[in-house]
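*Asks:* Before I ask anything, here is the structure I am working with.
Just so it is clear, none of the values below were taken in a lab; they were calculated from the coordinates. Keep in mind that this is a model prediction, so the values were computed, not measured. Every residue, glycine among them, receives a Cβ derived from its backbone with ideal geometry; neighbour counts consider all protein chains shown.
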Protein chains: 4
Amino acid sequence: MPKKIKLGILGGGGDSLIGIVHRIAAFMNDNYEIVGGVFNPDKNVSIEFAKHIDIPTNRIYATVEELVAAENELPEEERMQVVSILTPNFLHFPMAKTLLENGFNVICEKPMTTSYEEAKEIAALQEKGGAVFALTHTYTGYPMVRQMREMIRSGAIGDIHKVDVQYYQGWINPLIHDEASRKATWRLDPEKSGISCCVGDIGVHAFNLVEYTTGLEIKEVLSDFNFLYDDNVMDVDANILVRLDKHVKGIVRSSQIATAEENNIVLSIYGKEGGLKWEQENPNYLYLLKEGQPMQVLKPGHGYNSQFSLEGTKVPPGHPEGLFDAMANIYLGVAKAVRGETYHDGAFPTVTDGLRGMNFIEATVESNAKGNVWVALDSQQ
Amino acid sequence: MPKKIKLGILGGGGDSLIGIVHRIAAFMNDNYEIVGGVFNPDKNVSIEFAKHIDIPTNRIYATVEELVAAENELPEEERMQVVSILTPNFLHFPMAKTLLENGFNVICEKPMTTSYEEAKEIAALQEKGGAVFALTHTYTGYPMVRQMREMIRSGAIGDIHKVDVQYYQGWINPLIHDEASRKATWRLDPEKSGISCCVGDIGVHAFNLVEYTTGLEIKEVLSDFNFLYDDNVMDVDANILVRLDKHVKGIVRSSQIATAEENNIVLSIYGKEGGLKWEQENPNYLYLLKEGQPMQVLKPGHGYNSQFSLEGTKVPPGHPEGLFDAMANIYLGVAKAVRGETYHDGAFPTVTDGLRGMNFIEATVESNAKGNVWVALDSQQ
Amino acid sequence: MPKKIKLGILGGGGDSLIGIVHRIAAFMNDNYEIVGGVFNPDKNVSIEFAKHIDIPTNRIYATVEELVAAENELPEEERMQVVSILTPNFLHFPMAKTLLENGFNVICEKPMTTSYEEAKEIAALQEKGGAVFALTHTYTGYPMVRQMREMIRSGAIGDIHKVDVQYYQGWINPLIHDEASRKATWRLDPEKSGISCCVGDIGVHAFNLVEYTTGLEIKEVLSDFNFLYDDNVMDVDANILVRLDKHVKGIVRSSQIATAEENNIVLSIYGKEGGLKWEQENPNYLYLLKEGQPMQVLKPGHGYNSQFSLEGTKVPPGHPEGLFDAMANIYLGVAKAVRGETYHDGAFPTVTDGLRGMNFIEATVESNAKGNVWVALDSQQ
Amino acid sequence: MPKKIKLGILGGGGDSLIGIVHRIAAFMNDNYEIVGGVFNPDKNVSIEFAKHIDIPTNRIYATVEELVAAENELPEEERMQVVSILTPNFLHFPMAKTLLENGFNVICEKPMTTSYEEAKEIAALQEKGGAVFALTHTYTGYPMVRQMREMIRSGAIGDIHKVDVQYYQGWINPLIHDEASRKATWRLDPEKSGISCCVGDIGVHAFNLVEYTTGLEIKEVLSDFNFLYDDNVMDVDANILVRLDKHVKGIVRSSQIATAEENNIVLSIYGKEGGLKWEQENPNYLYLLKEGQPMQVLKPGHGYNSQFSLEGTKVPPGHPEGLFDAMANIYLGVAKAVRGETYHDGAFPTVTDGLRGMNFIEATVESNAKGNVWVALDSQQ
């Protein structure tokens, strides 16, 4: 049995939801031990939190710089092997940069950076240093999303000609209609939230799911944003026409004003030989449509799934897994990569996914700002 | 009990599916008797068909002109009161024109005409003569679509800020990838099918559902068509950005290459106070989303539905009705109008729906042709 | 094109729901013309109703005896060929008897009779005379129920070893808890409703669906009834253990106190090679479960269905049909039988279904009365 | 922040699924640290496993007796506070007995014992010593099962009059039809599996869900088992009529030959004021039926849920949780109990659930053996 990987965590202390998700995910497959980190800007708070989650406090640091310096002093076999970045968005870039410059493997929450320029810098650093870098587009960790990817690759639906992805939430609706509350919402404040609200937060997940499952690049976008109020500069709804290739077109739909929707992602991919559909709120079903045949409903854990999908399932068919398990699968992939084991190329989203995501966000903002015109994305292939 | 309405039918003979649908719909509520018509260009065939469906043959005519002339000779109480047009699309306009010019009430299959210009002519004739004119956007006849309309009107979801409608089919997929078969498909031949395939045939239904249920007008469209092959000039897939008002935006998605989809219409409308969703393939469910409340699933026939919806249900809750029943409800509305009874203003789609539909089709074609730019629709309000 | 079949109707006048269902069903496939009948005990009311539904009044009769006498005076080619019995339950037996004794083909609403003894008499008369006799277990008319039957016959799920059928309604709940209203409910009055309420009205449909789809006979029953109140003698809920063969067992569950359920029939059949499931409220789906394979969802109108199923579908896939269409398929089968055409042996439930149903009802009542013991049914095979 | 609870584990080593489930569950809410145990009968294997899951090896013991002796030597603040029993079924009783006799709190996998007599002994020991004892009927940990319990308690559906629960699996189907394989299946060997296969393994979960959610006791059972083959003595399918009170009846259906079903639990409870339904394979939905009202679909994490349900949800609405999370909620409840905090009386199934479960299993076996007669259960109220 391999030794556990030494994991450091930046952020995610206290009641942080994302902290819980990452710790559970790291734990689930017995691959990681949390050895320290910077849970909070206040080191005392960090130390208290370390006690709470029952880890030694001697490797709790005040800053990422202190962490890097101290860890690099340790013998290699004791040193943190992976550091997860769960801090507020604007800190992702500087922290990832520091870690990569010092040779640490990184698991980074989405978004990778706050701009495409920064993303390119991270990508260059990662390429130069060769560290493992995983971006937590969590939904790619679901077994049936992975099965979708594998089936498309193996030709189950033939050449793709249409993609349609939706990511609908309604949570901004109760906030946006009142002037005071919309001004007090940090997601609607470009100082805190960056150049995009809806696309930056959720549209980019939808975009990533299309590229992750199809293996195709989105080449051009034409977006129409809705701000709802003239005094609001942040998109809360975005319909984005996309072109993947001359004859492959599609639509990326995202909204935070789809009132009372929770986390309603629907991914539909159609090809010459069939279609595949998946929904995040019922993640254990994958629908295969073939002309003139009954629709098939695939579920995790069955032998008809690909090996890659099966590796992401811990329980027998009929026992539902959920979001934690999806994130755990990303941690599982990183563990394999860090240990130098063979791992599937879809085992975790990479720096390239982060690069493309930032490119997508900026391109959609530009398209909308210019009056809904086509804006090209760079190719990474 | 009122006397039955005398109904004539143009087209729909033989094994015509649409003929069956209209006859059953006319029969369902005991309001109509079919007295004659022109079932086929060959009068002998028409007569044979009249015998088959067991109606007298003395009012079977060779042409619509002959019908109009002969019927107008009859005493008013014997004359055809409504004539249904079920012929190929290009005949809708001349037949509707002839009928309206001669004072007949009309039920017309969709599309009303082959151009917006013709549609305006029909609208003017109808306005001038005051005849009842119903366009069979059949899906508006479903009780839960009607309930959706009534709930939106009564404020159940508050001011609308987002619309999303999908009409996905896959039937062209097996035809389009082979050059010979795509050239042999009449829907892909502009001579036979008009200026648009996908939008003209199904996108316009999706458009109509939005306007029918919301009571709002779509003011501008920006469309992106997919033709899949360079030698194909007819759209087989269309993503259409729409603006209903400055702050109300949405998307109309239609496809005939959504491989293996059958007749998958999904209509989602979101407002400040909630959302409503409906799906054609399970038409007896209407989903109401309210923030912080459990989703509600409404079904036909319950007392909580509006009177208008309830009038369209013939059986107790739990006994499914389907497409024939939706069409029957349109015939029911026409019957009330013809008899001068009070009827709901949503009881059947009118000449205005036809006018707007043709405007929409032409605007989307123009938008796509000009490189995906915004094109305005005329307002009819 | 064949001539229309002359149809007489007993009962079903006025706003009668069942009258509407039968008339629409008779009309749907262009096989029948209604020529007369006894719509109401009051002949004047019958005549008015004939005018309302626009049929001649000269063959409206005061009684079934008058009908039989007069029709038999007519030349054979004018005579009623089929008579449908839609009257209150206690009249089914005497009317069916009179009709069969006089050589008329019969479509009879369920229940066929009010006792097993009467049922045997009807069966004997039918066997002796050879008339077509259809019992309207309407749910057997759904295309996907028919497909289920055909798939089981063709071995799609192998030898059956388990059956489970549910028919849940909740309509008696609001009536039964108040003493006055439960005493005023005719279904709870044995004088009017016979020896069983829940099993007699709906449990027998569930029983019939098992035998219809599996082709197996239920041999023994052990039932447990619920009456809810000591002063109520009619079952409102029944759980019935069934044995089809030594090693094939199952359960028939029916309830009228499954609060707020509408018409929730669920039929599940499991065999060595797979399982099949169907639900009445979404009748256009049939679920096929095979070990180690994705679940398949079959829908009407596709070429993968049996010819028998396909004959019961009038519209392309994706256009829902419902209850009227199921009944129409029973009328379609009767039309073929009356015309001497080849017809599928599942085309309509027969006198044997009626016989077995009454046997089942009486056996379950006996089982419960004797303290939940096994009671055998007669075999008709 | 409270100190972590010291947890010992018996069994669950290697690739044991149940071991994984318990460790993840213990970890999820940061309440436990695993300090030792007996993972395997071979102490060396246990020690290796301890290294694998990265816990100290100094408290790995050879036997439960050794564990009890050594731990009781430790100062109270270091001693194991809870010991989880994940060993093969026949070891549950002796281990639980030893632990209870020595004052340890216990989390015990189901079944609690192999006989009702043993169960009574455990119950008496637990009552005498007052230790916390949790039985892992995992499904009671789902937030929507807990919500169902709370809603029933608060009168949401009024007095109950009908219960129906299903637990269908198909996994024995491929094994039982071949004589050699059915003889080689340990579940079908009474020596290894006890007196019942289907009821003992899964029917008892269904039984528990009824009592857990309704708060009512099942008083009598009448069961019909299916063994499929004469040389098989273990039930693989069981239909069990149940009586909860004179006027409350129901059915517990369980099967391991419901071919190709996975883990299909459906729980339906009907009362005078409404009905509630829940399905294990889509555990994040709870369906509320009220007469004359739209069906409501409740989901976890919303404010309309009870506090008890909300405590069992870690993520915002729309982010699915699954089986691990259900088990984690049971561990959460035990943590509160062990710490002497206030906890909900449904926070974990207790020794009484175990007692009743064994009583139920034996009663159903007896009922079937005696020819399907009513057998009473003892009351624990």
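*Asks:* Could you go through the stretch A:191-208 in sequence order and give the Karplus-derived ³J(HN,Hα) for each residue, using 6.51 cos²θ - 1.76 cosθ + 1.60 with θ = phi - 60°, rounded to whole Hz, and x for Gly and Pro?
*Replies:* 4, 9, 10, x, 7, 9, 9, 5, 5, x, 8, 10, x, 5, 5, 4, 4, 4
*Asks:* Pull up the cross-link candidates among the aspartates and glutamates for B:Lys370, meaning alpha carbon to alpha carbon under 16 Å and not fewer than 8 places away within one chain.
*Replies:* B:Glu220, B:Asp224, B:Asp235, B:Glu362
*Asks:* Over the whole of A:320-330, what's the average partner chain Cβ count within 10 Å per residue? Rounded to a whole number, please.
*Replies:* The per-residue average across the peptide is 6.
*Asks:* Note down the nm distance, to one decimal, between modelled labels 7 Å out along Cα→Cβ at A:Asp345 and at D:Ala369.
*Replies:* About 6.3 nm, to one decimal.
*Asks:* Additional query: Hand me the trypsin sites (Lys or Arg not before Pro) from the stretch D:310-381 located in a DSSP loop with no more than 16 other Cβ atoms within 10 Å, in residue order please.
*Replies:* D:Arg339, D:Lys370
*Asks:* Then there's this: On a 26 Å Cα-Cα criterion, which of the cross-link pairs B:Lys4/B:Lys277; B:Lys192/B:Lys249; C:Lys43/C:Lys97; B:Lys272/B:Lys336 come out too long?
*Replies:* The pairs that break the limit, which is 26 Å between Cα atoms, are B:Lys4/B:Lys277; B:Lys192/B:Lys249; B:Lys272/B:Lys336.
*Asks:* What list do you get for A:Ile251, A:Ile257 if you sort them by fewest beta carbons within 10 Å?
*Replies:* A:Ile251, A:Ile257
*Asks:* Placing a label point 7 Å from Cα toward Cβ, how far apart in nm is A:Pro316 from its equivalents in the other copies, listed shortest first to one decimal?
*Replies:* List, nearest first: 3.7, 4.2, 4.4 nm.
*Asks:* Taking θ as phi - 60°, what are the ³J(HN,Hα) couplings along the stretch A:92-105 by the Karplus curve (6.51, -1.76, 1.60), each to the nearest whole Hz, with x for Gly and Pro?
*Replies:* Here the 3J(HN,Hα) series is 4, 4, x, 5, 4, 4, 4, 5, 5, 5, 10, x, 8, 6 Hz.
*Asks:* Going by Cα centres, the stretch C:292-348 and the stretch C:17-43 are how many Å apart?
*Replies:* Measuring centre to centre over Cα atoms gives 22 Å.
*Asks:* Considering every residue in A:260-271, what mean count of other chain Cβ atoms within 10 Å of its Cβ is obtained?
*Replies:* Whole-number average of other-chain Cβ neighbours for A:260-271 is 5.
*Asks:* If amide H atoms are built 1.01 Å from N in the plane of the peptide, which residues on other chains or at least 5 residues away come under 5 Å of the amide H of A:Tyr229?
*Replies:* It is none; the list stays empty.
*Asks:* Separate question: Using 1/(1 + (r/R0)^6) with R0 = 35 angstrom and r between the beta carbons of C:Lys128 and C:Phe90, what's the FRET efficiency to the nearest 0.05? Write down the numbers at each step before the final one.
*Replies:* Values: r = 24 Å, r/R0 = 0.67.
Given R0 = 35 Å and the Cβ-Cβ separation, E is 0.90.
*Asks:* Same structure again: At D:Asp159, label 7 Å along Cα→Cβ: distances to the other copies, nm, ascending?
*Replies:* 4.8, 5.1, 7.0
*Asks:* Starting from the Cα coordinates of the stretch A:99-213, work out the convex hull volume and express it per residue in Å³.
*Replies:* 146
*Asks:* Compare the peptides D:70-83, C:158-171 by average per-residue count of other Cβ atoms within 10 angstrom and give them in order, highest first.
*Replies:* On the way: D:70-83: 15.8, C:158-171: 23.8.
Highest to lowest by the protection proxy: C:158-171, D:70-83.
*Asks:* For chain A, set up a GNM with springs between Cα atoms under 10 Å and report which of A:Ile240, A:Ile20, A:Ile60 has the largest fluctuation.
*Replies:* A:Ile20
*Asks:* As a test of the formula, what do you get for chain C when each DSSP H run with n ≥ 4 contributes -39,500 (n - 2.57) and the sum is divided by the residue count, at 222 nm and rounded to the nearest 500 deg cm²/dmol? Walk me through the numbers on the way to the answer.
*Replies:* Working: 13 runs with 131 residues, N = 381.
Mean residue ellipticity, 222 nm, calculated: -10000 deg cm²/dmol.
*Asks:* Can you give the FRET efficiency to the nearest 0.05 for A:Glu77 and D:Asn72, using r as the Cβ-Cβ distance and R₀ = 41 Å? Don't skip to the end; give the middle numbers.
*Replies:* Working: r = 37 Å, r/R0 = 0.91.
Result of the calculation: an efficiency of 0.65.
*Asks:* Right, next: B:Asn58 to C:Asn44: FRET efficiency via 1/(1 + (r/R0)^6), r the Cβ-Cβ distance, R0 30 Å, to the nearest 0.05?
*Replies:* FRET efficiency, B:Asn58 to C:Asn44: 0.40.
*Asks:* Apply the Karplus parameterisation 6.51 cos²θ - 1.76 cosθ + 1.60, with θ equal to phi minus 60°, to every residue of the stretch C:324-333 and state each ³J(HN,Hα) to the nearest whole Hz, in sequence, with x for glycine and proline.
*Replies:* Residue by residue, the stretch C:324-333 yields 4, 5, 5, 5, 4, 5, 5, 4, 4, x Hz.
*Asks:* Counting alpha carbon pairs within less than 8 Å and at least 6 residues apart, what relative contact order, in whole percent, applies to the stretch B:5-131? Mind dumping the intermediate values first?
*Replies:* Details: 202 pairs, mean separation 30.5, N = 127.
Normalised by residue count, the contact order of the stretch B:5-131 is 24 percent.
*Asks:* How big is the Rg/Rh ratio for chain B, C-alpha atoms only, Rh by Kirkwood, two decimals?
*Replies:* 0.97
*Asks:* Relative contact order (percent) for chain A, with alpha-carbon contacts under 8 angstrom and 6 or more residues of separation?
*Replies:* Working: 806 pairs, mean separation 75.5, N = 381.
Relative contact order of chain A: 20 percent.
*Asks:* With charges only on Cβ, +1 for K and R and -1 for D and E, what is the dipole size of the stretch A:5-131 about its Cα centre, in debye, rounded to 20?
*Replies:* Magnitude of the dipole: close to 200 debye.
*Asks:* On to the next question. How are the C-alpha pair distances of the stretch C:5-131 spread across 5 Å bins, as whole percents from the shortest bin up?
*Replies:* 2, 12, 22, 25, 21, 13, 5, 1
*Asks:* Report the full-extension gain for the segment D:Glu65 to D:Asp15: residue separation times 0.36 nm, less the Cα-Cα distance, to one decimal in nm. Mind dumping the intermediate values first?
*Replies:* Values: separation 50, 0.36 × 50 = 18.00 nm, distance 2.45 nm.
Length gained between D:Glu65 and D:Asp15: 15.5 nm.
*Asks:* Further, regarding this structure: Give me a single rounded figure for D:282-291: the average over its residues of other chain Cβ atoms within 10 Å of their Cβ.
*Replies:* 4
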